Every structure is written in C-alpha cells, then in structure tokens.
C-alpha cells in the first residue's frame, strides 16, 4: 500500500462539513481527516494526489511536510532542503504540460534575511524566480501547532476555486466553491429543471452542470453586459448545449407555473450590487415569483448578506419553508445560505 501523505484543503468557513463529505466521497475510505478548523481540513490520503485536483468544495489543496526544527533556517540544511525540493518537484511533475514561471513564499517574516536565503536557494534549484506578488507555485511556511514547522505546497498552479471556465468576471460574482455548495444543497437530480434567478456571470449555472446530469438549466438576468459575460464563461465551460440564458426581470419570469424542480439565487447584497432600498422591494417579489414557478417540494438555495431583510421576508410569507441555514465567511463578509422548500 502506498504510504499515506498529508494534505490540507483550504475551505470557505462554514462549508467545512460539506467539504469533508466531498473528500470522504471522492477518496472512498482512503482519506482520514485528523484535524479541522474554520477554513482548513487536514487529512491523510494514500492515493494519487492528482485525484484531489477535482475537488469542487475546496478553495485549494496543499501537500504537507513537517519538520522538527526550531526555526525555518534549518530548512536550508542539506537533508531538509532535499525534502522540501522533493515536495515541490512532485507538484511540478504532476503538471507536465504547464510551465511554472515563478514561485511565491507565503510566510511570517517573508522579508527576513532567512527567508531571503530560502528564496535564493529555491530559485537556483528550481530555475524559476521568486515573485513578491504571487506565483504559479505557492509555498507556505508556517509554525506547526504541535511544535516545529510545516511546508505546504499548493497542488495546482491556480487555486481550485479559480475555475478555468471563468474568463469573464462581473462585480459581486459568486465564489465558485460557494456556488457548487448551493447546487448540492438543492439535492440535484437527473431529469430536473434548474432555474437560477439573477444568474450573473454564470457560476451557479455552470456548477449545476458540473454537479450531476440535468434536463434543463435556465439562467435569468436583465443586464445585457452581465449576460454577455455569462455567455463567455458558459462557452469556456463546455456546457453551452445544456444552459439557456433569458433576459428578463427576476420579478416577472418568462417561465410557466410549477415548472422548476430546483432553484438558486445570489440575491443582491446591497453593497457591490444593488442597494438596501432596492432590496426591500426586490426580496419579497423575487421570493413570490420563485414560488410561482417552483414545483411543490422544490428546493431553493438563496445566499445574501441582508440577513435581517431576508428573515423578515421569509417570516412574512407562507410559500417557502426554511429547512437549513449555513452562515459562511466570504471576502470579509458574513452572508448566509438559506435552503428553502416549496410548500404545496
């Protein structure tokens, strides 16, 4: 049996349990989670690390090496430096078709003379320069809470959350791992009709196609520029044949009554997009229109930072029953994901 290696999955705070479930499901008994905190899952795994590059609920995944040394300068010692470069070589070797043009070290005291010597030694050994602004190859050097130090090397040139399909961005675009989590929370099923109100750059639409087979995926937005950005992302994703975009007001959807099996919506937070004044009018109308097109029992995943407003809106209506709520931390904000079910 292959020796177990140690990894860290960086996750969105609040989605750690879902991310752990994905790791367990992907690795089928070959992964063992031994530590979790708000935004990281530490686990061992005895399979091919390439498999970890398909995780959808991890922001990024890192390989880990531990060193029983008092200070990072010990990494410059021959035995430790060979371990470090072997860890890095394993990541570079897993991407034969990609060129790592630079590397970056994220560490406390990264401007110290010791870190400078480590950067110089790695640049000479790897034949690529260090970049202070970030690089394709990311190395973290951190204290180990049980003593000593850890080196973490990201398994991919880009974070997993930076999907290859995102070729166009829009203000307030939904984080792809959060979008994937919202899709999973709607209990996706084959032969289902999935509707995304306020589809923005297409994150929820694309992640729905990536999650499971589906009959129809429909996105609705009103802004032509946003729809064009979504079209570009959808084309890059390869799911263009499965997704329909409609230009319409999400308060007046051009869809039949009781036609949606599952729904999702990234409601305006009233910060980067929209305003609180607009949201006071929008939220009740959007939920009512979603209820009109939803089949009885349909799941509706909603994310918003307007906590008081959404809870007041939910309390004032009877078409939707709240079955779950997940508070998360996202870019310094504290939005919540609400999972609703159509009463009927």
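A few remarks follow.
- Some residue of region 257-268 being surrounded by 14 or more Cβ atoms within 10 Å (Cβ to Cβ), in the same structural domain as residue 294 (by TED's automatic domain parsing) and in a helix (DSSP H, G or I): no
- Applying the criterion of being free of Cβ contacts under 8 Å to residues at least 40 places away in the same chain and assigned to a helix (DSSP H, G or I) to the residues of region 206-229, the residue that is farthest from residue 282 (Cα to Cα) is 209.
- Of all residues in region 72-101, those being at pLDDT 95 or above, more than 21 Å from residue 7 (Cα to Cα) and either in contact with a strand residue (DSSP E or B) (Cβ under 8 Å, 6 or more places away or on another chain) or in a loop (DSSP other than H, G, I, E, B) (or both) number 2.
- Residue within region 126-139 that is surrounded by 14 or more Cβ atoms within 10 Å (Cβ to Cβ), assigned to a helix (DSSP H, G or I) and in contact with a strand residue (DSSP E or B) (Cβ under 9 Å, 6 or more places away or on another chain) present: yes
- Number of residues in region 195-205 that are closer than 21 Å to residue 163 by Cα and not in a helix (DSSP H, G or I) equals 6.
To keep it simple, each residue is scored yes or no on (1) touching a strand residue (DSSP E or B) at 6+ places or on another chain (Cβ under 8 Å); (2) assigned to a helix (DSSP H, G or I); (3) surrounded by 22 or more Cβ atoms within 10 Å (Cβ to Cβ); (4) not assigned by TED's automatic domain parsing to the domain that holds residue 222.
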{"residue": "278", "(1), (2), (3), (4)": "no, yes, no, no"}
{"residue": "281", "(1), (2), (3), (4)": "no, yes, no, no"}
{"residue": "284", "(1), (2), (3), (4)": "no, yes, no, no"}
{"residue": "292", "(1), (2), (3), (4)": "no, yes, no, no"}
{"residue": "296", "(1), (2), (3), (4)": "yes, no, no, no"}
{"residue": "302", "(1), (2), (3), (4)": "yes, no, yes, no"}
{"residue": "314", "(1), (2), (3), (4)": "yes, yes, no, no"}
{"residue": "323", "(1), (2), (3), (4)": "yes, no, no, no"}
{"residue": "326", "(1), (2), (3), (4)": "yes, no, no, no"}
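- Residue list for region 239-249, filter: farther than 17 Å from residue 190 by Cβ and in contact (Cβ under 8 Å) with a residue 24 or more places away in the chain: 244, 245, 246, 247, 248, 249
The values are calculated or read from the model by the stated rules, or taken from the named source; none is laboratory data. What you see is a predicted model, and the numbers here were worked out from it, not measured in a lab. Here the Cβ is made from the backbone with ideal geometry for all residues, glycine too, and neighbour counts use every protein chain on show.
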